[in-house]
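*Asks:* Below is a structure I'd like to ask you about.
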Amino acid sequence: MATGRTHRPATRSRGIPEATVARLPLYLRALTALSERSVPTVSSEELAAAAGVNSAKLRKDFSYLGSYGTRGVGYDVEYLVYQISRELGLTQDWPVVIVGIGNLGAALANYGGFASRGFRVAALIDADPAMAGKPVAGIPVQHTDDLEKIIKDNGVSIGVIATPAGAAQQVCDRLVAAGVTSILNFAPTVLSVPDGVDVRKVDLSIELQILAFHEQRKAGEETAAGDGGLPAAAPRGVAADTSADQGPDGDVPAVMPA
Ligand SMILES: NC(=O)c1ccc[n+]([C@@H]2O[C@H](COP(=O)([O-])OP(=O)(O)OC[C@H]3O[C@@H](n4cnc5c(N)ncnc54)[C@H](O)[C@@H]3O)[C@@H](O)[C@H]2O)c1
């Protein structure tokens, strides 16, 4: 039984390391922005800067995709978008269910960024009978009594949990029993899942706490500098790495099965 996240070997079956897989969405985001500006090619240095990654690492990552670019020209933006999308499994449609349609669940349902990245919100599920049938983002909310049927009918493998913490494990268990194998958890609790189920946790308050830690250090350094003494904390080249390539524990994140 794995807790919170599943443990996978550092290298996936197709030979692409997990750390590379975790950076692919960063490249894709940068490449999509270039594509929207109709930029035809990009150098590894430019793309690395846009993605916030070291350029040698980027070239190594792309070598796993069999993409080496052309000397003096760089990488073909459209082709790389296609290659990375294919590698991440984004060239197919992924039906997603959101469970818990309160403030957060409704905001997620209204977020257009899922559909544009191939994640179709197939159903919204909530335990409150008063919400059943009410449309949110144009989709009628369905009651949790029908959760298993909804998952099966829609062939859903990805579930988003936006319930209160106390309900999250039970919701998770039902999703997994119904066939969901990837869970994005917004509830502030650690979920237990069987092997083979991937869990990604999003917690904005943890991100804020990390920023607060850095703010505190900065304030300490300023005070010490003002005193004319040594800095209270050694200056630390803190990479502003709040990107998704690191989980909150600094581990390489588990990824959704492609
Ligand atoms: N990860 C983050 O950064 C972040 C940010 C905000 C909120 N949250 C968390 O997200 C969750 C939702 O927050 P919110 O503000 O939307 O709360 P909310 O109270 O507005 O909504 C919760 C919804 O879940 C439903 N629900 C309760 N038990 C359920 C169950 N067993 N099955 C299905 N639905 C159930 C409720 O009927 C309600 O509609 C909380 O756990 C909160 O702590 C996380």
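Only the coordinates and a few stated rules stand behind these numbers; no lab work does. Values in this document were obtained by computation on a predicted structure and should not be read as measured data. Heads up, the Cβs are rebuilt from the backbone with ideal geometry, glycines too, and the neighbour counts pull from every protein chain shown.
*Asks:* Return the pairs, sorted by first residue and then second, in which the second residue is of a type in the set (Asp, Glu) and near the ligand (Cβ under 6 Å from one of its atoms), the first residue lies in region 157-170 and is closer than 28 Å to Gly118 by Cα, the beta carbons are less than 9 Å apart, and the residues are 6+ apart or on different chains.
*Replies:* Thr163/Asp126
*Asks:* So Ala187 passes all but one of these: (1) touching an Asp or Glu at 6+ places or on another chain (Cβ under 8 Å); (2) buried (at least 17 other Cβ atoms within 10 Å of the Cβ); (3) assigned to a loop (DSSP other than H, G, I, E, B). Which condition number does it fail?
*Replies:* The failed condition is (1).
*Asks:* Which of the residues spanning region 158-169 are touching a helix residue (DSSP H, G or I) at 6+ places or on another chain (Cβ under 8 Å) and near the ligand (Cβ under 6 Å from one of its atoms)?
*Replies:* Ala162, Thr163
*Asks:* Follow-up question, since we're still on this one. Sort out which residues of region 190-210 are farther than 21 Å from Gly102 by Cβ and outside any strand (DSSP E or B), and write them in order of number.
*Replies:* Matches in region 190-210: Pro194, Asp195, Gly196, Val197, Gln209, Ile210.
*Asks:* Also, I was wondering about something else. Of everything in region 136-147 that's part of a helix (DSSP H, G or I) and crowded, with 18+ Cβ neighbours inside 10 Å, which residue is nearest to the ligand (Cβ to nearest atom)?
*Replies:* The qualifying residue nearest to the ligand (Cβ to nearest atom) is Thr144.
*Asks:* Further, regarding this structure: Can you find a residue that is hydrophobic (A, V, I, L, M, F, W, C), more than 11 Å from the ligand (Cβ to nearest atom) and touching a Ser or Thr at 6+ places or on another chain (Cβ under 7 Å) anywhere in region 170-184?
*Replies:* Yes - at least one qualifying residue is present in region 170-184.
*Asks:* Quick one: Ile150 ticks every box in (1) more than 22 Å from Ala107 (Cβ to Cβ); (2) surrounded by 13 or more Cβ atoms within 10 Å (Cβ to Cβ) except a single one, so which number is it?
*Replies:* Here Ile150 meets the rest and fails (1).
*Asks:* Restricting attention to helices (runs of 4 or more DSSP H) lying wholly within region 21-132, give those where 2 or more residues are crowded, with 18+ Cβ neighbours inside 10 Å.
*Replies:* Passing ranges, in order: 44-51, 55-64, 77-87, 103-109.
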